[in-house]
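Data first, discussion second: the structure below is written as C-alpha cells.
The values are calculated or read from the model by the stated rules, or taken from the named source; none is laboratory data. Keep in mind that what you see is a predicted model, and the values were worked out from it rather than measured. Because the Cβ atoms are built from the backbone with ideal geometry, glycine has one as well, and the counts that use them run over all protein chains shown.
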Amino acid sequence: MPRADTEQREPPAGSAVGALRSLGLGPRLLTSPAALTAFGSDALTAFHQRPEAVVLAETEQEVIDTVRLCHREGIPFVARGSGTSLSGGSVPVAGGIVIALNRLDRVLALDPDARTAVLQPGIINLDVSRAAAPHGLAYAPDPSSQSVCSLGGNVAFNSGGAHCLKHGMTSNHVLGVKAVLPDGEVVHLGSDSVEPIGPDWMGLFCGSEGLFGIALQITVRLIGVAESTRTALAVYETLESAGEAVARIVGAGMLPVAMEIMDALAIEAAEASVKPGYPKGAALLIVELEGEREEVGADAARLDELLRASGATQITSTEDPDERALIWQGRKSAFSAVGWLAPDYIVQDGVVPRTRLSEALARIGRMSAEAGIRVANVFHAGDGNLHPLILFDGSEDGAVVRAEELAADILRLCVELGGSITGEHGVAVEKRAFLSLMFSDDDLALMRRLRHAVDPAALANPGKMLEPAPAPA
Amino acid sequence: MTLLLDSIEAVAEAVREGPRVLPVGAGTKPALSSPPAGDVVALDVSGLRGIVEYDPAELTFTALAGTPVAEIEGALAQHGQHLPFDPPLRAAGATLGGVVASGTSGPGAFRHGGVRDFVIGVRFVEGTGRLVTGGGKVVKNAAGFDLPKLMVGSMGRLGVLVQLSFKVFPRPRATTTLAFELGSLEAALETVARLGHGPLELDALDLEPPGRVVVRLGGDPGALGARAERLAGLVGAAGPERLDGDRDAATWQAATELAWVPDGCRVVRAGLTPRSVPALDAALRAAGARTRYSLGANAAWIAWPDDPPLARLDAALAGLGLAGMVLTGPPDRQLLGAPRGGAFAARIRGALDPDARFPEA
C-alpha cells in the first residue's frame, strides 16, 4: 500500500535532472521512470516516492560533487546503500534525488596489528568480516540483513544485531568517519585510534539517519574471532517463562554474546523457509557463549544449570560451526520468513527494560488477542529489544490501519515501561511521530537546532527522524 | 568566582542569567574545570549528588552528575557489578559528570570499551539555559541524535551535565595480573599487537616504557590459573611477575589514580595508534616526560614536565596527526595536537551554545 511521504515539497525550480547532467556521469545518471521506481522504497515498502534521478556514484569525488550541486541548486538528496532500512530511512523525498553508494564498496586499508580497517560506505557488512577473516579478525555488529546491508547505512542508523549484547552497536565499533556535509564541505570526525579525544563529534554523526551528510570513509575497529563458541537452545512452555530465564541469566552475572527468543509463530515461519530444525515449543531461547575455551567451558556449566532451573522443557547445545550457522540462519531469516504466514507484516523495534520483558510479552499477547491480529515475536531478549511482527492482509478493508494501530500501541507500551521506540532500526519516516513520546519539546527543539546548524536548507535526507517544526502559534 | 549550585533549576538559571560559566565537580582535572579567563564563573555542581535509580537486575543506573564515582562503584560492588572501564581518579574524588566531560577511561576499557560505550542517557543544560535529555535508560536505544556520546569529552564546554545514565557489567569473579619485561619498546609493542589478536580476552593491556607489558585477566576463578599459564606461554618471555589479590588490585589502582605521575608534571591524555608509538615515545623521552601506554597502545597518559613548554608536546602530537587533552595544571590549553571535527564541530557548538556562554577549548 504505497503512499507518499507526509512532508510534501514542491519540486525545486529548474530541473534537477538538467543540473545533474553537468556532472558528466553518462549512463550512471538514471532518469527513466522504470529505473527510478526501483529506488522509490527501501525494506519498509509501505512508503514509496519515486526520485527525480539516481546518481550511481563510483568515487568519493562524485559523491562530493553531487552534494555540492544539490546544495547549489537546492535539490534534496538521500544516500542509499542496499536499501534495507526497516524504518524508511532511504525513502526519497518528492523532487529529490538518490545518491547510490553501492559501487563505493572497497576496503581501503586493513591494519591487522592495530585491528582497524578503513572502508568505503557501500561495502556489505559481511564483506568487512570476510576481509578481516584471514587475520583471525571480524567486524562485530551483525544486523540480520548483514549479507546484504551496507556499512554506510549501518553508520547512519547505528545498526545493531544479535551479538550487540556483548559487543555493542555500530557506534561502539566505528572510530572515525570522513564525511561530506550537506553543503559539500568535507570533514574528518573521530580518528584511527580507539581512544577519542575531545567532544565525540563522530558519536553524534553515527546514528544521525543521514541528516548530517554522507560518510565517505569509515574507520572501524575489528575484534579477534573467539576461539570457542557454544550455542544453546532451550524450549519453554510460555513466552513469559523464556523471558524470565533471560532475566535470571543476566541477574546471575553472566555475559552471553547473544540471547534471542522466538515464539511458536516465528519458529513455524523459520521452519517453513530455511528449516533450521528447531525443537518444537511455545518459545525458544537461543543463548550463545563465546570466548576463551576455559571461560566458555566454565560458563556453559553455569548456563545449563540456570536453564534447567528456569523451567526449560528441553535443552540442547552445539559447538559445531555448521549447526550454529543453521540456527542463526533460521533466526536471521525470521522477518522475511513470516511472509510464509501472511501477505503483509509490520516489524516493530521497541525496547523495554529487560527486567520487564515478561510483562511486556504478556501485554503484547493480550493486545494481539484483543485486536484479533496475529503477532509473531522474535527478538534480542538479552537487551530487551523486541521485534513484534504484526501480520495482516493488506487487501482486507482497514487491515493496514488496524495493524498500524496495534504497532503504535506496542510502542506506547515500550515507552510506558521505561524503554524506547527503537533499539536499532531508527526513527526515520516510520516512527518520527512517536519521538515525542520520549522527548520533550525542548529536547526536540535542540535536535532541530543541531540539524539546522549543519543543514540549514534541509537537503540531506529531509523528512526523516524529525517532523517538520510546528508552525509558530 | 564560584557559584555553589544544588539544584538543576539553579544550574539552568545560572547559565541563563549569569556571566560566562564553566562547570566544576571535584576539580580533579583542573586544566578543564578552572575558569580560563576573568569573566568566566565556575559553577560548582558537586552538590548535585546522589544515585537516582539503580536496579541491579537491570544492570543500569542513573545518577546526578556531581556524584563521586567512588560512591557509585561502592553501590555497584554490593551487587557484584562495576563500570568496567576503570574511571580514572575515582579515589581522588572524580565525579561521574567529570569522567564523562573529560572522556577519560582507565585500563579496563581495553576489553569492553570506554566511557562512551557505557553512557546511555544524559540530561544537561545547554547554552540557552534549557534542560534537555538525550538517550534513555535502556541498554539499547536508537531514538534521536546520540547526545550522550556527544557530551563525552565535551569538557564542560557544550553544556552543564546534571544527570547521567549508564549500563554496567558484572564484575569478574576473579582477577590476576601478569607483568612481562620485554627489554625494549619494540619488543613490547610486538607483544601488545600479538596479544591484541586473541585468543585470550584480556581485561587490560598496558605498556610501561620501555619494555614492561602489564596484562590483567578476569573471569571465572576456576579457569584463571590455566589462562594465566596460556598467557605466559603466548608471550614467551621468561618468568613473568604474577600479581594476585591485593597486589593485582594495587597495580591497577595506581594506574587508575595516576600515582606514578611525578609532582609538578602536567597530565595529558592522548589518543594513539600503536604504529605512532615509537615516534611519539622518542619525542616524549627527549623532553623528559614520563608515559604510560594503555588500551593496547591506543592511549597514552603523559606526565609532561615543567620545562620544555607544552607547545613542544602540541607540535609533536600535531606532527603525528594525534590529539591530546590536558587534564592538570592551569587552564591555558585543553586540546593539543590535531583534534578533529572541523566545520561540523563549529556548527554543532554554535547550535548548543549560540551566545557563547561557555568558554571555548
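In a residue-by-residue description of the stretch A:412-427, the property of being more than 12 Å from B:Ala143 (Cα to Cα) and β-branched (Val, Ile, Thr) applies to no position.
In the stretch A:161-251, which helices (runs of 4 or more DSSP H) lie fully inside it and hold 2 or more residues that are touching a residue at least 60 places away in the same chain (Cβ under 8 Å) and out of contact with any helix residue (DSSP H, G or I) (no Cβ under 9 Å at 6 or more places or on another chain)? Step through it out loud before you land on a result.
Numbers: elements: A:164-167, A:201-205, A:239-251.
Output list is empty.
(1) in contact with a Leu (Cβ under 6 Å, 6 or more places away or on another chain); (2) at pLDDT below 95: which one isn't true of A:Gly330, the others all being true? That leaves (1) as the condition not met. The residue of the stretch B:148-162 that is farthest from B:Ala31 (Cα to Cα), among those that are of a type outside the set (A, V, I, L, M, F, W, C) and facing chain A (nearest Cβ under 7 Å), is B:Lys149. Give the stretch B:195-233 a look and list any residue that's farther than 22 Å from A:Gly136 by Cα, buried (at least 18 other Cβ atoms within 10 Å of the Cβ) and within 11 Å of chain A (Cβ to nearest Cβ), or say none. Selection gives B:Gly218, B:Gly219, B:Asp220, B:Ala223, B:Leu224. Candidates A:Ala433, A:Ala469, A:Ala453: the one that is small (Gly, Ala, Ser) and modelled with pLDDT of 95 or more is A:Ala453.
Output the residue which, of all residues in the stretch A:216-254 that are among the small types (Gly, Ala, Ser) and under 30 Å from A:Ile123 (Cβ atoms), is surrounded by the fewest Cβ atoms within 10 Å (Cβ to Cβ).
Looking at the filtered set, the residue picked out is A:Ser228.
Residues are listed down the side, and each one gets a yes or a no for (1) of a type in the set (A, V, I, L, M); (2) within 25 Å of B:Ala299 (Cβ to Cβ); (3) crowded, with 24+ Cβ neighbours inside 10 Å:
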| site | (1), (2), (3) |
| --- | --- |
| B:Gly66 | no, no, yes |
| B:Val69 | yes, yes, yes |
| B:Ala75 | yes, no, no |
| B:Gly97 | no, yes, yes |
| B:Phe118 | no, yes, yes |
| B:Arg130 | no, no, no |
| B:Ala143 | yes, no, yes |
| B:Pro170 | no, yes, no |
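Among helices (runs of 4 or more DSSP H) entirely within the stretch A:1-96, having at least 3 residues that are surrounded by fewer than 22 Cβ atoms within 10 Å (Cβ to Cβ) and at pLDDT 95 or above singles out A:60-73.
The set of residues in the stretch A:228-286 being away from every other protein chain (no Cβ under 13 Å), more than 23 Å from the chain's Cα centre (by Cα) and either farther than 17 Å from A:Ala312 by Cα or of a type in the set (Ser, Thr, Tyr) (or both) consists of A:Arg230, A:Thr231, A:Tyr236, A:Thr238, A:Ser241, A:Glu268, A:Glu271, A:Ala272, A:Lys275, A:Pro276, A:Gly277, A:Tyr278. On the given criteria, is A:Val375 touching a residue at least 40 places away in the same chain (Cβ under 8 Å) and under 11 Å from A:Ala266 (Cα atoms)? Against the criterion (touching a residue at least 40 places away in the same chain (Cβ under 8 Å) and under 11 Å from A:Ala266 (Cα atoms)), A:Val375 qualifies.
Of the candidates B:Thr256, B:Thr273, the single residue that is within 13 Å of another protein chain (Cβ to nearest Cβ) and under 27 Å from A:Gly176 (Cβ atoms) is B:Thr273. Whenever a residue of the stretch B:343-361 is facing another protein chain (nearest Cβ under 8 Å) and at pLDDT 95 or above, its partners that are surrounded by fewer than 19 Cβ atoms within 10 Å (Cβ to Cβ) and in a loop (DSSP other than H, G, I, E, B), lying with C-beta atoms within less than 6 angstrom and at least six residues away or across chains, give the pairs B:Ala343/A:Glu185. With respect to B:Thr177, is the statement that it is in a strand (DSSP E or B) and either more than 9 Å from chain A (Cβ to nearest Cβ) or not hydrophobic (A, V, I, L, M, F, W, C) (or both) true? Yes; evaluated as a whole, the condition is true for this residue. For B:Ala282, the criteria (1) surrounded by 21 or more Cβ atoms within 10 Å (Cβ to Cβ); (2) more than 14 Å from chain A (Cβ to nearest Cβ) hold in every case but one, which is (1). Is it fair to say A:Thr316 is part of a helix (DSSP H, G or I), over 23 Å from the mean Cα position of the chain (by Cα), within 23 Å of A:Leu289 (Cβ to Cβ) and of a type outside the set (Phe, Trp, Tyr)? Spelling it out, it is not the case that A:Thr316 is part of a helix (DSSP H, G or I), over 23 Å from the mean Cα position of the chain (by Cα), within 23 Å of A:Leu289 (Cβ to Cβ) and of a type outside the set (Phe, Trp, Tyr). When we screen B:Ala12, B:Ala42, B:Ala37, B:Ala31 for residues that are of a type in the set (Gly, Ala, Ser), buried (at least 16 other Cβ atoms within 10 Å of the Cβ) and more than 14 Å from chain A (Cβ to nearest Cβ), the only hit is B:Ala42.
Within the stretch A:385-420, the set of residues being in contact with a Gly (Cβ under 7 Å, 6 or more places away or on another chain) and surrounded by 19 or more Cβ atoms within 10 Å (Cβ to Cβ) comprises A:Asn385, A:Leu386, A:Ile410, A:Leu411, A:Cys414, A:Gly419, A:Ser420.
Conditions tested, residue by residue: (1) away from chain A (no Cβ under 14 Å); (2) within 17 Å of the chain's Cα centre (by Cα).
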{"residue": "B:Ser46", "(1), (2)": "yes, no"}
{"residue": "B:Phe61", "(1), (2)": "no, no"}
{"residue": "B:Glu73", "(1), (2)": "yes, yes"}
{"residue": "B:Gln81", "(1), (2)": "no, no"}
{"residue": "B:Thr95", "(1), (2)": "yes, yes"}
{"residue": "B:Gly106", "(1), (2)": "no, yes"}
{"residue": "B:Gly113", "(1), (2)": "no, yes"}
{"residue": "B:Phe118", "(1), (2)": "no, yes"}
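The set of residues in the stretch B:238-264 that are loosely packed, with under 13 Cβ neighbours inside 10 Å and touching an Asp or Glu at 6+ places or on another chain (Cβ under 6 Å) contains only B:Gly264. The number of residues in the stretch B:126-147 being more than 7 Å from chain A (Cβ to nearest Cβ), out of contact with any helix residue (DSSP H, G or I) (no Cβ under 6 Å at 6 or more places or on another chain) and either closer than 23 Å to B:Asp44 by Cβ or among the basic types (Lys, Arg) (or both) comes to 1. In the stretch A:90-118, which residue that is polar (S, T, N, Q) and in contact with a strand residue (DSSP E or B) (Cβ under 6 Å, 6 or more places away or on another chain) is nearest to the other protein chains (Cβ to nearest Cβ)? Looking at residues that are polar (S, T, N, Q) and in contact with a strand residue (DSSP E or B) (Cβ under 6 Å, 6 or more places away or on another chain), I get A:Thr116. Scanning the stretch B:313-320 turns up at least one residue that is under 21 Å from the mean Cα position of the chain (by Cα) and touching a residue at least 24 places away in the same chain (Cβ under 8 Å). Criterion first (more than 8 Å from every other protein chain (Cβ to nearest Cβ) and of a type in the set (A, V, I, L, M)) does B:Val168 satisfy it? Considered against the rule, which asks whether it is more than 8 Å from every other protein chain (Cβ to nearest Cβ) and of a type in the set (A, V, I, L, M), B:Val168 comes out as yes.
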